[in-house]
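Trainee: Got a structure for you, written out below as structure tokens; questions coming shortly.
The values are calculated or read from the model by the stated rules, or taken from the named source; none is laboratory data. Please read these numbers as outputs of a predicted model, since none were measured by experiment. Cβ atoms come from the backbone with ideal geometry, glycine included; neighbour counts cover every protein chain shown. Ligands, DNA and RNA are stripped out before the accessible areas are found, and what is left, the full protein with its side chains, is counted by its heavy atoms. Shrake-Rupley method; radii C 1.70, N 1.55, O 1.52, S 1.80 Å.
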Amino acid sequence: MGQVASRIEEKLKAALSPAHVEVSDESHLHAGHVGARPEGETHFRVVVVAASFEGVSRLERQRRVMDVLSDELSGPVHALAIRARAPSEEQA
Amino acid sequence: MSDIDNIIKAEIDSAEIVLFMKGTPVFPQCGFSGQVVQILSHIGAPFKGVNVLEDDGLRDGIKTFSNWPTIPQLYVKGAFVGGCDIIREMFEEGELRPFLAEQGIELD
């Protein structure tokens, strides 16, 4: 896992105590696009399953994730796709 | 409010559904903007696209206005609904049509 990816994972774990967290670096899918850098680590997808999301609106969940990663978003990360779920929604 | 805030407010009020996006509905210049265009078109929701790439003031201003760091951003009847992830989730879970219908928007 790259440096940026591991920092994202550490920050999410520390701030949201998620039951499950997944960070995927999808930069290779965007090679050559605006915002892509040759060294990669620009486009990420995160899945965060946290009990604290229970009963919280979609907007508020996304805001919480983006707040945790605000340094990354204003720095190396060009795009971040977020799936923020409560544990009860994942038991399908 | 600053000038750019006034311009943004006027854009948001200029149509029932307004999408701030990179590129135009016909030629989206970003995959995330393109996904929202596809979803809105698929459910037959009429919307106005505002290309933030045409104006740096707008591109930065919309992020401050909504306190949301990314584009696209979808507004319905003047209220911020979300970005690409939220619109896609609402669509996939069958909530987008009912939501728009509740807002009094007619779908084609």
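Trainee: Over the alpha-carbon set of the protein assembly as shown, divide Rg by the Kirkwood Rh and report the Rg/Rh ratio to two decimals.
Mentor: 0.96
Trainee: Output the Kirkwood hydrodynamic radius of chain B, Cα pairs only, in Å rounded to one decimal.
Mentor: 13.8 Å
Trainee: Go ahead and run the numbers for FRET between B:ALA79 and A:ALA14, Cβ-Cβ distance against an R0 of 45 Å, rounding to 0.05.
Mentor: 0.90
Trainee: Let me ask something else. Once Lys and Arg get +1 and Asp and Glu get -1 on their Cβ, which of A:HIS43, B:LEU96, A:VAL21 lies farthest toward the positive end of the dipole of the protein assembly as shown?
Mentor: Towards the positive end, the residue furthest out is A:VAL21.
Trainee: Here is a follow-up. Quote to one decimal, in nm, the extra length available between B:SER41 and B:ILE105 on full extension: 0.36 nm per residue of separation minus the C-alpha distance between them.
Mentor: 21.7 nm
Trainee: Now a separate question. If you roll a 1.4 angstrom probe over the protein chains with everything in place, what fraction of the accessible area of the stretch A:3-91 belongs to carbon and sulfur, to the nearest %?
Mentor: 49 percent
Trainee: Return the distance in nm (one decimal) between the two label points of a simple spin-label model at B:ASP3 and A:ARG37, each offset 7 Å from Cα along Cα→Cβ.
Mentor: It is 3.3 nm.
Trainee: Right, next: Calculate the all-directions average of the projected area of chain A's alpha-carbon convex hull, and give it in nm².
Mentor: It is 6.1 nm².
Trainee: Treating the angle as unsigned and between 0 and 90°, give the value, to the nearest 10°, between the Cα long axis of helix A:58-68 and the longest Cα principal axis of chain A.
Mentor: Approximately 60 degrees, to the nearest ten.
Trainee: Could you tell me the total accessible area buried at the B-A interface, probe 1.4 Å, in square angstrom to the nearest hundred?
Mentor: What B and A bury together is about 1400 Å².
Trainee: Using helices alone, I'd like the mean residue ellipticity at 222 nm for the protein assembly as shown: each DSSP H run of four-plus residues gives -39500 (n - 2.57), total over residue count, nearest 500.
Mentor: -11500 deg cm²/dmol
Trainee: Counting DSSP beta bridges in chain B, what percent are antiparallel, to the nearest 5?
Mentor: 65 percent
Trainee: Please calculate how many Å² of accessible area the protein assembly as shown carries per residue, with a 1.4 Å probe and no DNA, RNA or ligand atoms counted.
Mentor: 51 Å²
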